[in-house]
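Single-structure report; data block below.
The values are calculated or read from the model by the stated rules, or taken from the named source; none is laboratory data. Predicted model, so just to flag it, every value in this text is computed and none were measured. Note that each Cβ is placed from the backbone with ideal geometry, even for glycine, and that neighbours are counted across all protein chains shown.
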Amino acid sequence: MLEIGTEELPADFARMALPQLEHVVRRDLQAQRLSHGLIQTTGTPRRLAITVHTLPSGAADRQEDRKGPPAAQGLINGQPTPAGLGFAKRCGVSAEALEIRDTPKGPFVFASVVERGRPTLELLAEHIPTWIEALQGRRFMRWAAGDARFSRPVRWLVALLDDDVIPVTLSHGDPLIQASNSSRGHRLVAQSVTIANASVYAETLAGVGVQVDRCARQAQINSAVAQAAERFQARPDLPSSLLEELTDLVENPTLIVGSIDAGALALPAEVLCTVMRSHQRYVPLYRLDARVDPLALECGDVLLPRFLCIANGLLEATDAVRRGNERVLKARLADARFFVQADRSVPSIDRRDQLARVTFAEGLGSLRDRVERLEWCTDVLLHALALPQTTAVHAQRAAHLCKHDLVSQMVGEFPELQGLMGAKYLVAEGEPSDVALAVLEHYLPRGAGDALPQSDAGAVLALAERLELLLSIYAKGERPTGSSDPYALRRAGNGLLQILWSKDWRLDLAALLQRMTAHWATLLPKLQVDAVALSAELVEFLRQRLVSLLEEDGLASDLVQAVAGSTIAAERVVRDAADARLRAELLGALRNSGELAAVEAVVTRAARLAEKGDLSRSVLSAQGVVNPALFEKTSEAAMLAVVEQLEPIAASGASERYRELAELLAASAPTLAAFFDGEQSVMVMSDDPVVRTNRLNLLAVLRNQATVLADFSRLSL
């Protein structure tokens, strides 16, 4: 059992460090040939701990056969030569233990070497410091006189093998930290406690006010909140992220019910919940019959005048803790009420003008400049989508006002409310609800799994917002690299495609980007934008995002690659993202039904041979490129008949053409296979160049027709 005792750890580090710790321990135990049973990691705000069950007293021995010099150089007449003696010495065996074995290269001298396993106690003492040093996280710190770094100062170390203390010394701090069997309890319960044996670790800490089992602590918090909500006939606003954070903020959770000042309940429910959840880590309580109107500035009776708080103190201090939290919340909500009143005193249109004083990004002007670019994008999208006039009017007005709340006092204090507060202020000023809803929805989706815009005006504005961001940030020369994506461009690309799919809008993004990049080149002359290169780069970026999204949706990687895996296919994919998704899903359905395998094998073979010819990939008809008079086998005529049947389907623009193409290819698989195998099979690479070209052209047309559905060469057979 290993416990790393520290000052209070950041909640996110405590959560991320445990899987890291398990990984390095499991890896090194395997490398050292130490068998083991269950590995359990856990932690509290003041400790990270790992327990490894059923460790042996020592590592397993390892036997290794080592190859030495050739037999003629190592042993002569059964006696070791100087080379043989040197080999025996290097292996740590006697000369008599050497033996000759035959190998493909002849007889060689071998030595059988046994590496004895080291004692477990010795191995653990050696590896524990490296395990602690291997943990990674944000904002590590140094303290005292040492050079060691950790998330927070390390204060004690418990390292036990059963009831034996593992002799470990850490360089963390001054004086050096020596491992012992002495841990620390809850700050308000016990300064120190002795862990008599590794097997009684959790029970011992429970006796000094510490619920060390993280899963049990989380279940305890969740259960306490659920029971309190049931008692008040309410619905707790406890997202998983808040539950995780609360779990890593307390060692001995105690539920406290606090009261909210009645006057504060007039604030928007979202404001109340944001203040409580994000700033104070409280759990708000919704009435069971509550219906939250996202456009309403006053919430009425949506929330109960109570909140739940998870405290880390003693039961006898509950009343004092409650009063303190109520005072803090009262002050916070008073601030929020002041921010709303101050914002209401300034018309939204005036706040839009104030955006001119806020820089968006270097080289890209102010936030108002960004809004003007966004308005232009909205107009272009409305023209391309040909939406009703009422939708266009609402989208244009929303684009004009969509960022006004970024300079409001409320959003300045609570950035997560951007869009929401802007929409509420607009409705309160008399703007149409459709305009306000579009302002609210243009931030959606905020991330993976988030809701998508429901209104057409909101969806158009959300598309415009993401296109403007991609165009502007790419134009100034910044790109997402590795894990670094400060402008969340990947998320913007994902959102762009998800919105198009959800709305079933067919939008030629490639043509749109060509037009937009040309406009950006004139709009931002100081950035010296290469419109053609920028357009191509964004098309490729969106292709990569589409591939990523389809794979995240569970489609096999090779199916996705067959549809959108090549740079050559990028423009086609981006011209119609919905079409690409449709084809990938169809391939998945064909594979699940077993129809894809036969088609895949034949088309792939045809495509591979067709590469030896020079017929353009755009040719979908055999007319004029295949001469039936040159056929020598009936299988050639049969294949031509299939190709002629496929031609009108492949050339069609109908949405059902992919299904028809796939069904005909599947039905014709035996006929196509007979071209290559069977009694009437042909030798494609005939000695006669005219016949050879004719056959290659026939295969090339089949390949081109199949490629309308997918690049079959990218499928895994």
Count of residues meeting criterion [free of Cβ contacts under 8 Å to residues at least 40 places away in the same chain, among the acidic types (Asp, Glu) and closer than 29 Å to GLY430 by Cα] in the stretch 295-348: 2
Being under 29 Å from PRO253 (Cα atoms) and either surrounded by fewer than 17 Cβ atoms within 10 Å (Cβ to Cβ) or among the acidic types (Asp, Glu) (or both), is that true of even one residue in the stretch 155-176? yes
GLU478 among the acidic types (Asp, Glu), surrounded by fewer than 23 Cβ atoms within 10 Å (Cβ to Cβ) and either outside any helix (DSSP H, G or I) or touching a residue at least 40 places away in the same chain (Cβ under 8 Å) (or both): yes
Go through the residues of the stretch 488-500 one by one and say whether even a single one is charged (D, E, K, R) and more than 18 Å from ARG581 (Cα to Cα). yes
Out of LEU387, LEU426, report the one residue that is in a helix (DSSP H, G or I), in the same structural domain as LEU355 (by TED's automatic domain parsing) and not polar (S, T, N, Q). LEU426
May I ask you to say which residue of GLU372, GLU362 is out of contact with any helix residue (DSSP H, G or I) (no Cβ under 6 Å at 6 or more places or on another chain), surrounded by fewer than 20 Cβ atoms within 10 Å (Cβ to Cβ), in contact (Cβ under 8 Å) with a residue 40 or more places away in the chain and farther than 20 Å from LEU496 by Cβ? GLU362
Considering only the stretch 638-669, state which residues are over 26 Å from ALA597 (Cβ atoms) and exposed (fewer than 12 other Cβ atoms within 10 Å of the Cβ). GLY653, ALA654
State the number of residues belonging to the stretch 39-66 that are surrounded by 13 or more Cβ atoms within 10 Å (Cβ to Cβ), of a type outside the set (Gly, Ala, Ser) and in a strand (DSSP E or B). 11
Unique match (being crowded, with 16+ Cβ neighbours inside 10 Å and either at pLDDT 95 or above or more than 22 Å from MET16 (Cα to Cα) (or both)) among ARG118, ARG184, ARG101, ARG90: ARG184
Search the stretch 215-233 for residues being touching a residue at least 24 places away in the same chain (Cβ under 8 Å) and closer than 16 Å to ALA311 by Cα, and hand back the single one that is nearest to the chain's Cα centre (by Cα). GLN218
Qualifying position, being in contact (Cβ under 8 Å) with a residue 12 or more places away in the chain, over 30 Å from ILE177 (Cβ atoms), assigned to a helix (DSSP H, G or I) and in contact with a strand residue (DSSP E or B) (Cβ under 6 Å, 6 or more places away or on another chain), among ALA83, ALA111, ALA88: ALA83
Hey, ARG138 under 18 Å from PHE13 (Cβ atoms), surrounded by fewer than 16 Cβ atoms within 10 Å (Cβ to Cβ) and not aliphatic (A, V, I, L, M) or not: yes
What pairs can you find where one residue is in the stretch 501-522 and closer than 17 Å to ALA533 by Cβ, the other is among the acidic types (Asp, Glu), and their Cβ atoms are less than 6 Å apart, with a gap of 6+ or different chains? ALA510/GLU571
In the stretch 428-469, what count of residues is obtained for those that are under 27 Å from ILE349 (Cα atoms), surrounded by fewer than 22 Cβ atoms within 10 Å (Cβ to Cβ) and of a type in the set (A, V, I, L, M, F, W, C)? 3
Could you list, in sequence order, the residues of the stretch 271-281 that are in contact with an Asp or Glu (Cβ under 9 Å, 6 or more places away or on another chain) and either part of a loop (DSSP other than H, G, I, E, B) or within 16 Å of ASP301 (Cβ to Cβ) (or both)? CYS273, ARG281
